[in-house]
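The values are calculated or read from the model by the stated rules, or taken from the named source; none is laboratory data. Because the structure is a prediction, the values reported are computed rather than measured. Glycine also receives a Cβ, built like all others from the backbone with ideal geometry; neighbour counts cover every protein chain displayed. Calculation scope for accessible area: heavy atoms of the full protein, side chains included, ligands and nucleic acids excluded. Shrake-Rupley method; radii C 1.70, N 1.55, O 1.52, S 1.80 Å.
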Amino acid sequence: MARRKTGEAVSGWVIVDKPAGPTSSDVVNRVRRLFNARKAGHAGTLDPLATGILPVALGEATKTVPFIIDAAKGYRFTICFGTATSTDDAEGEIVARSDVRPAAAAIEAVLPAFRGPIEQVPPAFSAIRIDGERAYARARAGETVEMKARAVTIHEIRLLGLPDTDHAELEILCSKGTYVRSLARDLARALGTVGHVSALRRTRHGPFGEAAAIPLDKLCALGHIAPAPGLGAHLLPLETALDDIPALAVSGDDAARLKQGQGVLLRGRDAPILSGSVLATHRGDPVALTEYEKGELRPVRVFNLV
């Protein structure tokens, strides 16, 4: 017997301002229950101690998650100089100390070396899989974990200020796969000292910024009001995640073909000049994510919106 789906067919994005404490999965589960959605997912893990932008996809919006995962991210973070930890953040055990405290001029001088494409070794306490097992599981078991360097890109990096001699606040815009903890560790080393991340906030994730986010406690408060019309105001259309993808309006017949997994030919003098990923729409509603090649739209992800 087929298992009956529970919850409602709710689709869209909820941009949560995550507080310190809960895991990203905790936040997703809370949002799913608030909206009584059948399925939910997020577009990039935030550590429990981190705060800021956590885009949560509900229903059919989960099919657009890969486009957000690949997007650039913005962070504000604080480096605490003088102590290195096993996790490269404030949760770990202290593994090294230094009396060196860099001045603002010294920090500014090393920042250019961290702009653009760089090689970065992820923290041993990370979710990267090694032979099928999470690196953090091995590290917690006491194993010496050898992490391989990965290519990432720091699009922008700037020093915001030094609150005191032990701390520096910075802001970055970076590619997917960038570990801020590794960046803080490597910056400290380049300055002849050691350090770790003592505060971290994600300020942007792809098209989603702080202005679009709602704090988790406020979202939960709205959910406890019956009825809860306020929740819907924070549910963004699934196509919000596809701002960088061209959209193409198709006829009702072509929309039906795409929904059935069939390709649609767009040839002739009036054929659009497109290539790669295209969002097919009908009467303003998303129909499918497609690939356009040689005059044909081929459905990749079909949206089943009620």
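Among the residues of the stretch 175-203, those identified as closer than 14 Å to Ile118 by Cβ and out of contact with any helix residue (DSSP H, G or I) (no Cβ under 8 Å at 6 or more places or on another chain) are Ser175, Gly177, Thr178, Tyr179, Val180, Ser182, Ala184, Arg185, Arg189.
For the structure I just gave you, tell me whether Thr203 is closer than 18 Å to Leu289 by Cβ and open to solvent by less than 50 Å² (accessible area, probe 1.4 Å). Criteria not met by Thr203. A single entry from Gly192, Gly230, Gly276, Gly261 fulfils the requirement of being out of contact with any Lys or Arg (no Cβ under 8 Å at 6 or more places or on another chain) and within 30 Å of Arg101 (Cβ to Cβ): Gly192. In the set (1) free of Cβ contacts under 8 Å to residues at least 24 places away in the same chain; (2) open to solvent by 50 Å² or more (accessible area, probe 1.4 Å), Asp243 fails one condition alone, (1).
The residues of the stretch 71-107 that are farther than 23 Å from Met147 by Cα, outside any loop (DSSP other than H, G, I, E, B) and open to solvent by 30 Å² or more (accessible area, probe 1.4 Å), listed by number, are Arg76, Ala104, Ala105, Ala106. Select from the stretch 1-14 the residues that are among the small types (Gly, Ala, Ser) and modelled with pLDDT of 75 or more and write down the one among them that is least open to solvent (accessible area, probe 1.4 Å). So the residue we want is Gly12. Considering only residues of the stretch 15-29 that are in a strand (DSSP E or B) and out of contact with any His (no Cβ under 8 Å at 6 or more places or on another chain), which is most open to solvent (accessible area, probe 1.4 Å)? Across the stretch 15-29, the extreme among qualifying residues is Asp17.
Which one is nearest to Arg76 (Cα to Cα), of the residues in the stretch 157-172 that are acidic (Asp, Glu) and surrounded by 13 or more Cβ atoms within 10 Å (Cβ to Cβ)? Talk me through it step by step, then tell me what you get.
Looking only at the stretch 157-172, we keep the residues that are acidic (Asp, Glu), and these are 164, 166, 169, 171.
Remaining after also requiring surrounded by 13 or more Cβ atoms within 10 Å (Cβ to Cβ): 166, 169, 171.
Working: Asp166: 17, Glu169: 7, Glu171: 4 Å.
In this case the residue turns out to be Glu171.
Listed by first and then second residue, the pairs linking a residue in the stretch 84-110 that is without any contact (Cβ under 8 Å) to a residue 60 or more places away in the chain to a residue that is acidic (Asp, Glu) and crowded, with 18+ Cβ neighbours inside 10 Å, with Cβ atoms under 9 Å apart and 6 or more places separating them unless they lie on different chains, are Glu91/Asp47.
Of the residues that make up the stretch 30-44, is at least one part of a loop (DSSP other than H, G, I, E, B) and within 25 Å of His155 (Cα to Cα)? Break it down into steps so the answer makes sense when it comes.
Step one: filter the stretch 30-44 for residues part of a loop (DSSP other than H, G, I, E, B), giving 36, 38-39, 43-44.
Pick out the ones that are also within 25 Å of His155 (Cα to Cα) and you get 43-44.
Checked against the condition, which is being part of a loop (DSSP other than H, G, I, E, B) and within 25 Å of His155 (Cα to Cα), the stretch 30-44 yields at least one hit.
Among the numbered conditions (1) more than 25 Å from Arg301 (Cα to Cα); (2) within 12 Å of the chain's Cα centre (by Cα); (3) modelled with pLDDT of 95 or more, the only one that Asp47 does not meet is (3).
Residues are listed down the side, and each one gets a yes or a no for (1) under 14 Å from the mean Cα position of the chain (by Cα); (2) more than 24 Å from Ala221 (Cβ to Cβ):
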residue	(1), (2)
Arg32	no, no
Arg38	no, no
Thr62	yes, yes
Phe77	no, yes
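Residues of the stretch 108-165 that are polar (S, T, N, Q), modelled with pLDDT of 95 or more and part of a loop (DSSP other than H, G, I, E, B): Thr165 alone. Does the stretch 188-200 contain at least one residue that is assigned to a helix (DSSP H, G or I) and either at pLDDT below 95 or crowded, with 18+ Cβ neighbours inside 10 Å (or both)? Checked against the condition, which is being assigned to a helix (DSSP H, G or I) and either at pLDDT below 95 or crowded, with 18+ Cβ neighbours inside 10 Å (or both), the stretch 188-200 yields at least one hit.
Looking at the stretch 169-187, which of its residues are in a helix (DSSP H, G or I) and within 18 Å of Asp47 (Cα to Cα)?
Restricting attention to the stretch 169-187, the residues satisfying the condition of being in a helix (DSSP H, G or I) are 180-187.
Matches in the stretch 169-187: Val180, Arg181, Ser182, Leu183, Ala184, Arg185.
Across the stretch 273-306, the number of residues qualifying as of a type outside the set (A, V, I, L, M), loosely packed, with under 13 Cβ neighbours inside 10 Å and not in a strand (DSSP E or B) comes to 5. With the requirement that a residue be among the acidic types (Asp, Glu) and open to solvent by 50 Å² or more (accessible area, probe 1.4 Å), what does the stretch 249-272 give you? Correct list: Asp253, Asp270.
Please determine, by comparing only the residues of the stretch 45-70 that are open to solvent by less than 20 Å² (accessible area, probe 1.4 Å) and part of a loop (DSSP other than H, G, I, E, B), which one is nearest to Gly161 (Cα to Cα). Here the answer is Ala50.
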